[in-house]
Amino acid sequence: AGYWSDRTGRRMGPLRTIVVATTVVMGVLAVAELVSPWAGVAALALAAVVTVSGNGLAYLGAGELAGPHWAGRVLGAHNTVQNVVTVGGVPVLGMMIGASGYWAGFAVGAVCALAAIPLVPVAAERRAARAARAGTAPKPTATPLCRTAGPGSSGSCSGSRP
């Protein structure tokens, strides 16, 4: 996913494609688990790769969208929300699987991935790509906020945020 993203210069487009693939593979996994244990094993092997392949892009995209001054806060919030959902969701999912079987847990995963598809922010990335192709991309106006000077010097900082 990182190689693909680096070659296209896009983060959210590949991430959305991976989320769509995750939706499909989790749905297939839910059905396969009901139909045949061997089909479930094959689908699980595929799901083990697809479902984690966008992880790096999600972190990278969050940091890039936040910008250099907010990246740490956004990544901290990202991790916090992810961990809170995991702590709350795992026991509920475990009870569901205990009552209905693994297919139910995989189906919930498919529904969650489906719900995430429209949440991946691809519109701004598409607009920027179109503008770049048309040669109308805005020139960056920001200057580095801090420049490092030579040894023994404190350097200089400018900009609206520390």
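Bear in mind these aren't lab numbers, they're just calculated from the coordinates by the rules spelled out. Owing to the predicted nature of the structure, the values given are computational and were not obtained by experimental measurement. Ideal geometry is used to build each Cβ from the backbone, glycine not excepted, and the neighbour counts take in all protein chains shown.
Descriptive notes on the structure:
- Calculated FRET efficiency for the pair residue 95/residue 38, C-beta based, R₀ 41 Å, to 0.05: 0.90
- Size check on the range 10-108: the Cα extents along the three principal axes, sorted descending, read 50, 29, 15 Å.
- Put a dot 7 Å past the Cα of residue 128, heading toward its Cβ, do the same for residue 66, and the two dots end up 1.6 nm apart.
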